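Asks: Dropping a structure here in structure tokens format, bear with me for questions.
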Amino acid sequence: MRIGILTAGGDCPGINAAIRGVGKTAIVRYGMKIAGISDGFIGMITKEYTELTEKDLSGILTLGGTILGTSREKPFKGSGKGNKDIRKPVLIKEHYEQMGLNCLVCIGGNGTLKTANLLAQEGLNVVGIPKTIDNDVWGTDITFGFDSAVNIATEAIDRLHSTANSHKRIMIIEVMGHNAGWIALYSGIAGGGDVILIPEIPYKEEKIAEYLLQRSEDNKPYSIVVVAEGVVNPGKDKSVAQYLSNRITEMTGLETRETVLGYIQRGGTPSPMDRVLATRYGTAAADMIAERDFGKMVALKDDRIVSVPLEDVAGRLKLVEPDNPLVLQTKSMGTSFGE
Ligand code: F6P
């Protein structure tokens, strides 16, 4: 068999570990051939790819980013019937045939898995592997990239503690997560944030101000606010951290500073946990291909690898439920979610 591998959407630590996992297993265990597709779905549209040997897959386990390149190309989006662009999917199908592929492995987050499902509906053999630092893919307990991002965000929060304490300031740190607050929740807990703001739990500015003033009155000289980028931002032209920083100063008179962590969360070498998870997903994806178990995504459920239909995953998000036990436990320790 000959399989194509592509990586699409925002990059994250662990993608190369997954490419290595699927590629090495496919070559070593099953004697398959591998085509590495360039820059996500763009490579399928332009037919740009390279043959990958086992040697090409050596030494990439610890590398950040993706050796294949990525893009946010959405081939089904555009004009055409039902607001779908039909030309690009036709090209993808043609190139899939011309490249002699028996399966296309799509490594990506929600957008990628949605496209993967549409390609499966068009008759292509597709296997999905979930990756994103946001951890918001439905159908799996965890995506790789998330653990690395939480480690990076937690280290940043740890470092903010000492400078916040020295200056007796309110430190606001904005982490990624445009729909889901998983990074803010986990790094907020791990870093001992006093206020954690996530898109799934609407906040009130006055409640945050009240809470921070109370801490100040209780002789707690500084506070840490961890905020996900996707919470409501009335500041529009400012980052939400900047907006909240200004508002908190206005409302409390306390000195504030903001940090927007940004793409640092997505870069660099994957954590050991992400290396292991990405390797597990990769090897399982190769097994699925050998079994011709197509139209599915590899997933983790209760620490076991399973496969879930792409049509169940497509268009759904795994968000933090407001009554998630972690949220409730954190609240019971006195942490504020701005409510
Ligand atoms: O990968 C998910 C994510 O990190 C989001 O949290 C963030 O909003 C988005 O990607 C931004 O990525 P880009 O600028 O690459 O589109």
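Asks: Need the full-extension length gain, VAL232 to THR53, defined as separation in residues times 0.36 nm minus the C-alpha distance. One decimal, nm.
Replies: Length gained, VAL232 through THR53: 59.7 nm.
Asks: Taking the alpha-carbon distance from LYS55 and a cut-off under 26 Å, which lysines remain once sequence neighbours fewer than 8 residues away in the same chain are dropped?
Replies: Within reach: LYS24, LYS33, LYS47, LYS131.
Asks: Please name whichever of SER187, ASN219, ASN246 sits farthest to the positive end of the charge dipole of segment 147-266, dipole taken about the Cα centre and charges placed at Cβ: Lys and Arg +1, Asp and Glu -1.
Replies: The listed residue farthest towards the positive side: ASN246.
Asks: Let me ask something additional. Given the DSSP H assignment, sum -39500 (n - 2.57) over each helix run of at least 4 residues in the chain and divide by its residue total; what's the result at 222 nm in deg cm²/dmol, nearest 500? Each step should come with its number before you reach the end.
Replies: Values: 11 runs with 128 residues, N = 339.
Value at 222 nm, helices only: -11500 deg cm²/dmol.
Asks: Only four residue types carry charge here, +1 at the Cβ of Lys and Arg and -1 at the Cβ of Asp and Glu. Report the dipole size of segment 147-266 about the Cα centre in Debye, rounded to the nearest 20.
Replies: For this selection, approximately 160 debye.
Asks: Roughly how big is segment 82-190's charge dipole about its Cα centre, with Cβ charges of +1 (Lys, Arg) and -1 (Asp, Glu), in debye to the nearest 20?
Replies: 260 debye
Asks: Under a 5 Å amide H to amide H cut-off, with H placed in plane at 1.01 Å, what residues pair with ILE170 once short-range neighbours are removed?
Replies: Close amide H contacts, sequence-distant or interchain: SER223, GLU255, THR256, ARG257.
Asks: Work out the length of the dipole vector of the chain about its Cα centre, built from +1 on the beta-carbon of each Lys and Arg and -1 on the beta-carbon of each Asp and Glu, and round it to the nearest 20 debye.
Replies: 820 debye
Asks: Would you kindly derive the ³J(HN,Hα) couplings of segment 172-183 from the backbone phi angles with the Karplus curve 6.51 cos²θ - 1.76 cosθ + 1.60 (θ = phi - 60°), listing them in order in whole Hz, with x for Gly and Pro?
Replies: Coupling constants for segment 172-183: 10, 10, 9, 10, 6, x, 7, 10, 10, x, 4, 5 Hz.
Asks: Okay, moving on. Out of every Cα-Cα pair in the chain, what percent are more than 25 Å apart? Walk me through the numbers on the way to the answer.
Replies: Numbers: 30449 of 57291 pairs.
Taking all Cα-Cα pairs of the chain, the fraction more than 25 Å apart is 53 percent.
Asks: So, one more: What residues have an amide H closer than 5 Å to that of LYS131, excluding those fewer than 5 places away on the same chain, when H is modeled at 1.01 Å from N in the peptide plane?
Replies: Excluding prolines and chain starts, which carry no amide H, the hits are GLY108, GLY109.
Asks: Cross-link partners among lysines for LYS168, C-alpha distance below 26 Å, same-chain residues fewer than 8 apart left out?
Replies: LYS204, LYS207, LYS220, LYS238, LYS331
Asks: Identify the trypsin sites (Lys or Arg not before Pro) of segment 213-314 meeting these criteria: DSSP loop state and at most 13 other C-beta atoms within 10 Å of the C-beta. Before the final figure, lay out each step's value.
Replies: Numbers: sites: ARG215, LYS236, LYS238, ARG247, ARG257, ARG266, ARG275, ARG280, ARG292, LYS296, LYS301, ARG304; in loops: LYS236, LYS238, ARG292.
Sparse-neighbourhood loop trypsin sites (Lys or Arg not before Pro): LYS236, ARG292.
Asks: Would segment 147-266 count as rounded, prolate or oblate if I go by the C-alpha gyration tensor, calling it rounded below 1.5 in a/c and otherwise prolate when a/b exceeds b/c, oblate otherwise?
Replies: Oblate shape, in that a/c is at least 1.5 and b/c is the bigger or equal ratio.
Asks: Counting only DSSP beta bridges with both residues in the chain, what percent are antiparallel, rounded to the nearest 5?
Replies: The antiparallel proportion sits near 25 percent.
Asks: How high is the FRET efficiency from GLU205 to SER162, r the C-beta distance, R0 22 Å, rounded to 0.05?
Replies: Plugging the Cβ-Cβ distance into 1/(1 + (r/R0)^6) gives 0.20.
Asks: Oh, and also: Can you work out ³J(HN,Hα) from phi for every residue in segment 242-252, in order, using Karplus 6.51 cos²θ - 1.76 cosθ + 1.60 and θ = phi - 60°, giving whole Hz and x for Gly and Pro?
Replies: Here the 3J(HN,Hα) series is 5, 4, 5, 4, 4, 5, 5, 4, 4, 7, 10 Hz.
Asks: Rg(Cα) of segment 237-330 divided by 2.2 N^0.38 Å?
Replies: 1.66
Asks: Given H placed 1.01 Å from N in the peptide plane, which residues other than close sequence neighbours of GLU48 have an amide H under 5 Å from its amide H?
Replies: So GLU48 has HN proximity to SER38.
Asks: Here is a further query. Angle, helix 15-24 long axis vs. longest principal axis of the chain, Cα atoms, 0 to 90°, nearest 10?
Replies: Orientation of helix 15-24: about 30 degrees from the principal axis.
Asks: How much length is gained on full extension from VAL260 to MET1, taking 0.36 nm per residue of separation minus their Cα-Cα distance?
Replies: Full extension from VAL260 to MET1 adds 88.7 nm.
Asks: Further, regarding this structure: Calculate one ³J(HN,Hα) per residue across segment 145-161 by plugging θ = phi - 60° into the Karplus curve 6.51 cos²θ - 1.76 cosθ + 1.60, and present them in order as whole Hz with x for glycine and proline.
Replies: Whole-Hz 3J(HN,Hα) from phi for segment 145-161: x, 5, 4, 4, 5, 5, 4, 5, 5, 5, 4, 4, 5, 3, 5, 5, 4.
A short reminder: the numbers here are calculations on the coordinates, not readings from a lab. Just so you know, these numbers come straight off a predicted model, no measurement behind them. All Cβ positions, even for glycine, are placed from backbone atoms using ideal geometry, and neighbour counts span all protein chains on display.
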